[in-house]
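Peer 1: Okay, handing you the structure first.
The values are calculated or read from the model by the stated rules, or taken from the named source; none is laboratory data. None of these values were measured; they are calculated from a predicted model. Cβ coordinates were reconstructed from backbone atoms using ideal geometry, including for glycine residues, and neighbour counts include every protein chain displayed.
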């Protein structure tokens, strides 16, 4: 009998770990090739880990809610055959990981205070995950679970990084020193001298969370894991970026009439539904090429100018959560290619079939609030990007039409574009010029264009 190591596969650029949400197979279960063995969740996508072989599950190394690194062994599957090769021990891998972690911890301890009295081990909680390195530092420095949960994280989706916990330790030491200085010792007054007044130590007021009161008829609904992550991501964005909005109205009458004329033939030829979204995405990609400083991200005091234009397409899921699949190199796609990309990502998002890599690498995001009837919105920036564009509903409205023969009133199809951008790095001129460029591309649409 041979043994096969089922490892956590690589799940796309910048995805280094995942959380086990459930085991589909139990020990002793027979498994066919491609059968899902367990379900995992990254910061953006829930997915399954399938088996690469036929066999029987004989060992599992992690439990539900454990955080696993890419490449780690998840389980052992025993397969049929005369192969005498045995599963290589995972102790060597574990020892290597521990050695790296110990070296890192030792280096960190050279710059911080010596380990204090040991406290109970800390662990990842329901909506916060801590790397082994962060846990080791917290344990060595006597940081309790509640104290660790209160540290603000600057990592992706609010995660606490090594620098976050070191900064916290440095601040904690400074605060303690200040507090000790404020505790003035009592001094007995000598004759003809005024006694020194002792400065009392005042504890900071504790901020208590409001108590939620519900009646017996109220329904208590626990937020989903993805819902919690989205909420954290939105709050972190508002606390990080200086949000500013610019609004503009675009006349899309030519686009409306052109799509109406070609959509049936397009469906017959390409087998795809031609919606307005790929048309808008094409215009936005062109405007980003014209204004590359909208296609950036900000890390500390450093601006990273992105080479590729990868458009995030915010999509609402059936359960009410939000996900943002990404159209890679959107400026290099023609309208047919853009339509196929938009439809494929939207369909797989609704069915929960997106892969982790489908949501990675976005450089600018677009959200269609008009889908729900809204004429405009003030969207929150998708960090670490610096801009997001909301597309409002297309409406028939009376408008003044300028012609060589004079002005007259006519019925036009119009929509509002709402541009939110980070005022730390994008000033009003750039933010306004960019959304105006998108509008110009839409209004200059060729009614005789062929695809």
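Peer 1: Return the residues of the range 287-312 that are in contact with a strand residue (DSSP E or B) (Cβ under 6 Å, 6 or more places away or on another chain) and in a strand (DSSP E or B); say none if nothing qualifies.
Peer 2: 296, 297, 303, 304, 305, 311, 312, listed by residue number.
Peer 1: Next up: For the condition surrounded by fewer than 14 Cβ atoms within 10 Å (Cβ to Cβ) and within 30 Å of residue 302 (Cβ to Cβ), what is the one hit in 373, 387, 432, 428?
Peer 2: 428
Peer 1: Under the condition of being modelled with pLDDT of 90 or more and either surrounded by fewer than 19 Cβ atoms within 10 Å (Cβ to Cβ) or within 18 Å of the chain's Cα centre (by Cα) (or both), which residue from the range 5-19 is nearest to residue 234 (Cα to Cα)?
Peer 2: That would be 7.
Peer 1: Separate question: In the range 313-337, what residues are more than 17 Å from residue 363 (Cα to Cα) and either touching a strand residue (DSSP E or B) at 6+ places or on another chain (Cβ under 7 Å) or in a strand (DSSP E or B) (or both)?
Peer 2: 316, 317, 322
Peer 1: If only one of 284, 255 is assigned by TED's automatic domain parsing to the domain that holds residue 297, assigned to a helix (DSSP H, G or I), within 22 Å of residue 333 (Cα to Cα) and in contact with a strand residue (DSSP E or B) (Cβ under 7 Å, 6 or more places away or on another chain), which one is it?
Peer 2: Being assigned by TED's automatic domain parsing to the domain that holds residue 297, assigned to a helix (DSSP H, G or I), within 22 Å of residue 333 (Cα to Cα) and in contact with a strand residue (DSSP E or B) (Cβ under 7 Å, 6 or more places away or on another chain) holds for just one of 284, 255, which is 284.
Peer 1: Still on this structure: Give the residue, chosen from 51, 47, that is within 17 Å of residue 25 (Cβ to Cβ), buried (at least 18 other Cβ atoms within 10 Å of the Cβ) and within 21 Å of the chain's Cα centre (by Cα).
Peer 2: From the options 51, 47, the qualifying one is 47.
Peer 1: Would you point out which residue out of 306, 328 is surrounded by fewer than 22 Cβ atoms within 10 Å (Cβ to Cβ), touching a residue at least 40 places away in the same chain (Cβ under 8 Å) and at negative phi?
Peer 2: The unique qualifying residue is 306.
Peer 1: Let me ask something else. Given 122, 112, which one is modelled with pLDDT under 60, assigned to a loop (DSSP other than H, G, I, E, B) and touching a helix residue (DSSP H, G or I) at 6+ places or on another chain (Cβ under 8 Å)?
Peer 2: The unique qualifying residue is 112.
Peer 1: Right, residue 295: modelled with pLDDT of 95 or more, within 23 Å of residue 428 (Cβ to Cβ) and within 18 Å of the chain's Cα centre (by Cα) or not?
Peer 2: Taking the combined requirement at face value, the residue satisfies it.
Peer 1: Do we find that residue 45 is in contact (Cβ under 8 Å) with a residue 12 or more places away in the chain and in contact with a strand residue (DSSP E or B) (Cβ under 6 Å, 6 or more places away or on another chain) in this structure?
Peer 2: So residue 45 does not fit the description; no.
Peer 1: Still on this structure, I have one more. Applying the selection to the range 234-252, what residues are part of a helix (DSSP H, G or I) and surrounded by fewer than 19 Cβ atoms within 10 Å (Cβ to Cβ)?
Peer 2: Once the filter is applied, which keeps residues that are part of a helix (DSSP H, G or I) and surrounded by fewer than 19 Cβ atoms within 10 Å (Cβ to Cβ), the range 234-252 yields 234, 235, 238, 239, 240.
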